[in-house]
Every structure is written in C-alpha cells, then in structure tokens.
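Working notes, structure below.
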Amino acid sequence: MAPEGYLDRPGAATGSGTLWAARLAASPAEELMAFTASLAYDRVLAADDIAASQAHVRGLVRAGLLSEADGAALATALEAAASELASSEFAFAAADEDIHTAVERRVTELAGEAGARLHTARSRNDQVACDLRLFVKRELAAAAGGVLALQKVLAARATEVGEARLPAYTHLQRAQPVLLAHHLLAHGWALARDFDRLLDARRRADVSPLGAGASAGTSLPIDPDATAADLGFAARFENSLDAVSDRDFVAESLFALALLGVHLSRLGEEIVWWTSEEVGFLHLDDAWATGSSMMPQKKNPDVAELARARAGRLIGNLTGLLATLKGLPLAYNRDLQEDKEPLFDSLAQVRGALAALAGLLNTAAFDEARMAAAADDPLLAATDLAEMLVGRGVPFRVAHERIARVVRGALAGEGDFADLAAAEVGPEASEILRPGRTLARRTSPGGGGAAAVAVQRQRFAARLAADAARLAAAEVPSV
Ligand code: ARG
C-alpha cells in the first residue's frame with residue numbers, strides 16, 4: 001500500500017509515516033488504514049485546513065512559540081501545499097490517513113525543521129472541528145444562496161402569471177379557487193423559512209474550537225480568542241471538552257438541509273402531478289424533461305421525481321449522524337469522523353436539486369386555460385355562497401347546511417348547480433359563480449384572492465431583498 005519512496009522520505013517521523021508511529025511498535029495493518037482513513041472524502045476540507053493552519057502559525061508566532069523565521073517558513077510551505085492541492089499536483093501518500101496528516105506531512109517536507117513545530121499546541125481533534133466549521137459556514141451560505149435563487153424564480157413566475165387561477169386542494173380534492181401566484185408563493189414562503197434555518201445553523205457554527213487541543217487545552221501560552229478572530233469566527237469555544245466533541249452544528253445543518261429537501265420533495269411531487277396528462281397544468285421545456293428508451297411518445301419529469309426522492313437521502317443523513325452521536329462519551333471519539341460524508345452529501349444533493357428545480361420552473365409553461373377550467377367549476381364557489389348568506393346574518397352552520405343541500409341536489413341531477421343556488425340564495429348567486437369572481441371577493445389578508453396576493457407579492461419581494469442583504473452581510477470566508 002505504501003507508495004514507492006515514501007518510507008524513506010525525510011521528515012517522516014518513523015518507518016510507518018503515521019503521526020503516532022513512535023508510540024506503536026508495528027506499522028499499521030493495511031486493512032486498518034483502509035478502514036479508518038478518511039482522506040478519500042475529507043480532502044474537500046483542504047483549503048480550510050490550510051487556512052486554519054495559517055492562523056495557527058500566526059498564533060504560535062505571537063505567543064513566542066515559533067520564531068518569526070520558522071513562522072515564515074511554515075506560511076510559505078502552507079501556501080505551496082495549498083497551490084499544489086488547488087492544481088491537483090499534490091501527491092498524497094499511503095500513510096496520509098486524513099487531509100490534516102497529508103498537509104502536515106507535505107509542509108514538513110517543504111519547510112524542513114520548522115515543519116515539526118506546526119502541530120504545537122494543537123490536536124487533530126480541534127483542527128478537524130475548526131476546518132469543518134469553516135467549511136460549514138461557507139457551504140451553508142452557498143446553500144442559502146441557492147434557496148434565494150429558486151425563490152427568485154418563484155417570485156418572477158408569480159408576477160408573470162398575473163391573475164391566472166387554479167383550484168386550491170385539500171385532501172387532493174378541489175377546494176376553492178386561488179391565484180396561481182398564491183400557490184407558487186406558498187412554496188416560496190416555505191423556502192424563506194429554510195433560508196432562515198440555514199443562516200441560523202450557520203450562526204451557531206460560527207464558534208472557533210481552535211485551541212481546545214486534544215481535549216483539555218494546553219500548557220503552552222496560546223490565545224484562542226485571537227485565532228478565532230483571525231479566522232473570522234464570531235467567538236471562541238468556552239469549554240475544550242465541548243469544543244472537540246460538539247457536532248451539533250453538523251446535525252443542525254443536516255436538519256436544515258433535510259427539511260429544505262422535504263420542501264423540494266413536495267414541490268417535486270406537485271410538478272410530477274401537474275405534468276401528468278390527467279392534470280395537465282404544467283408543460284416542461286424539452287431541455288428539462290427526459291424521454292423513454294422504449295416508449296417513443298414519453299416525456300417524463302425525472303428532475304421533479306429525483307427532487308422528490310433525494311429527501312430520503314437527506315433524512316437518512318440526518319438520522320444516521322444523530323445515531324452516531326447518541327451515547328458518545330466526552331470528548332473526541334473517532335466516531336466523529338463519520339460526520340463528514342453525510343454532511344458533504346446533503347450539501348451537494350441540496351444544491352443540485354435547488355439548481356435543477358430553478359431551471360425547470362424557470363422554463364416550464366403553465367396551462368392557464370386548463371387551470372382556469374378546473375378553478376371555474378361552480379362547486380368551488382360553494383363556500384363563498386355560504387359566506388354570502390353569513391353576510392345576510394345567517395349563522396354559518398345553517399348557511400353551510402343550506403348550500404350543502406344545493407350541492408347534493410345538483411350532484412343528484414335535480415338541476416344545474418347555478419340554477420339551484422339562485423333558487424336557494426337569490427340572483428346574487430349567479431354573480432358569485434361568474435369565473436374568477438370568488439377571487440375578487442376573497443379579500444382576507446394572506447388569502448388566495450387577487451387583492452391579498454398583490455400585497456403578498458410585495459411582501460415576498462421585500463423579504464427576498466432583506467434576505468439577500470442578510471446573506472451578503474454574513475461574512476463568507478474565501479479560501
Ligand atoms: N480524521 C479525523 C476526523 O475526521 C481527524 C481527527 C483524528 N483524531 C484522532 N485523534 N484520531 O475526526
């Protein structure tokens with residue numbers, strides 16, 4: 001398993017090349033390395049690992065634990081390692097069990113003597129937590145940006161469709177007509193809560209664990225407040241045991257992403273349903289649809305189906321991590337390494353789904369005539385007819401019963417609903433049953449009527465602008 005020449009490389013602590021080699025008499029078994037190594041996935045933390053090490057080196061120099069010359073040598077070596085990693089020229093070695101080992105090994109090769117001082121007053125336990133928090137801060141902001149982009153598409157379409165109407169459904173049965181904009185913005189508001197949750201999770205991730213050491217701090221005179229500030233964290237840890245064992249910020253991120261995924265899943269389901277021939281409310285652009293390998297006529301909504309399905313993975317990633325964390329004693333345990341794959345996966349899945357759904361919705365065509373035909377089913381005005389009676393002083397329970405009898409009569413073939421309704425409540429019924437009329441009457445704030453939706457559009461636009469400003473203000477460290 002060890003690559004040619006690695007074992008003889010200057011700077012390797014002992015024959016095995018691991019960071020703990022002096023303690024153990026034997027080199028690690030190949031299967032041990034294969035089972036325990038995390039390099040295959042934690043290399044995405046490379047830039048954050050370098051940034052954290054750069055700050056750590058500056059801290060060691062300030063503390064007088066590192067000479068200016070050694071500090072400069074380490075800074076240069078870290079920079080070189082960073083550019084090798086960025087350009088994929090970085091040669092990983094078999095004993096690089098994780099990205100932290102790999103970077104320290106390379107820095108030691110490049111900086112010589114000074115390399116052996118890099119890990120002063122630091123453990124991989126505070127290092128990995130620090131890297132991951134830097135990563136999470138950036139990635140949650142990026143996910144929030146993806147949410148905003150999808151919300152903007154929903155807002156634009158909600159403006160463009162004007163007063164187009166469709167039925168609201170309860171129990172998947174036609175309920176009352178609403179503006180299509182109202183339906184689109186319903187998804188937009190759910191996403192607004194997701195945006196909020198992502199930034200909220202990010203805020204709690206914004207605490208530096210650097211300086212906690214392996215678990216108990218250090219006897220060396222470091223200043224964790226200063227390294228926290230240097231790395232752009234809002235605060236430093238309060239308790240070293242908590243700092244190295246806390247993965248709440250990963251669990252919270254996974255929850256925020258899972259619930260966002262659930263919202264995307266529900267949106268996906270509606271797209272699947274709306275594009276069915278039975279419903280026919282939505283037609284996908286050909287670039288955002290798929291075909292069948294066997295049935296020449298097919299046009300399928302695979303993007304929406306996969307958005308619907310990915311929520312399963314996101315929920316699995318959350319519950320998997322919670323199960324890993326449950327029952328762990330303080331402080332660091334290797335179990336915590338299992339935090340990364342679910343986190344990386346959930347972030348990637350959510351960002352992919354957000355981008356795909358934004359593209360699909362931006363290009364899809366609404367069949368407004370078909371929606372209106374469904375919305376104009378006179379039975380959908382039954383509630384408004386009952387409310388009209390309420391306006392005349394009839395108790396709602398009585399009004400409901402009177403209109404329900406009209407509905408039953410119409411469905412039993414006793415006559416046309418409009419005629420029966422006019423006979424029951426008077427000629428005003430036909431005014432209410434005119435297409436779109438119920439939407440003009442439905443004025444309650446936050447409701448699906450035209451006037452309320454006009455207000456809602458403005459409030460949603462204001463919310464998007466405020467959220468965009470919040471995102472811009474959230475410092476996104478560039479690495
Ligand atoms: N790869 C490890 C992780 O992700 C880094 C910390 C290892 N620390 C240790 N004491 N073995 O958690």
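Couple of notes before you dig in:
- Between Ala69 and Glu431, the simple spin-label model (points 7 angstrom out along Cα→Cβ) gives 9.5 nm.
- Here the spin labels are modelled as points 7 Å beyond Cα on the Cα-Cβ line, and at Ser83 and Ala234 they lie 3.6 nm apart.
- Computed lengthening from Ala466 to Leu241, 0.36 nm per intervening residue step minus Cα-Cα distance: 77.2 nm
- When all protein chains stay in place and ligands, DNA and RNA are ignored, the 1.4 Å accessible-area order of Asp367, Asp49, largest first, is Asp367, Asp49.
- Label reach from Ala423 (point 7 Å along Cα→C-beta): in the stretch 377-411, amide nitrogens under 11 Å belong to 406, 409-410.
- Beta bridges per DSSP, both residues in the chain: antiparallel share near 80 percent.
- Ordering Ala410, Thr438, Pro301 by the projection of their Cα atoms onto the charge dipole of the stretch 296-455, which places +1 on the Cβ of Lys and Arg and -1 on the Cβ of Asp and Glu, puts Pro301 at the extreme positive end.
- Farthest positive-ward along the stretch 315-407 dipole, Cα basis, beta-carbon charges - from Asn317, Ala356, Val390: Val390
- Stokes-Einstein translational diffusion, the stretch 265-328 - Kirkwood Rh over all Cα pairs, 1.306 mPa s, 10 °C, in µm²/s: 116
- By the compact-protein rule of thumb, 2.2 N^0.38 Å, the alpha-carbon radius of gyration of the chain corresponds to a ratio of 1.32.
- Neighbourhood net charge (11 Å Cβ-Cβ; Lys/Arg +1, Asp/Glu -1) for Arg203: +1
- Chain lengthening between Thr159 and Ser292 when straightened (0.36 nm per residue, less Cα-Cα): 44.5 nm
- The angle separating the long axis of helix 382-391 from the principal Cα axis of greatest extent in the chain is about 70 degrees.
- If you take the alpha carbon atoms of the stretch 342-473 and fit the smallest convex hull around them, that volume is 196 Å³ per residue.
- Only protein heavy atoms count here; on that basis, with a 1.4 Å probe, Trp288 has an accessible area of about 70 Å².
- With all projection directions averaged, the alpha carbon convex hull of the stretch 158-301 covers 14.5 nm².
The values are calculated or read from the model by the stated rules, or taken from the named source; none is laboratory data. None of the values given here were measured: they were computed from a predicted structure. Here Cβ is always computed from backbone atoms with ideal geometry, including for glycine, and neighbour counts include all displayed protein chains. Remember, those area values only see protein heavy atoms, side chains included, never the ligands or the DNA or RNA. Shrake-Rupley method; radii C 1.70, N 1.55, O 1.52, S 1.80 Å.
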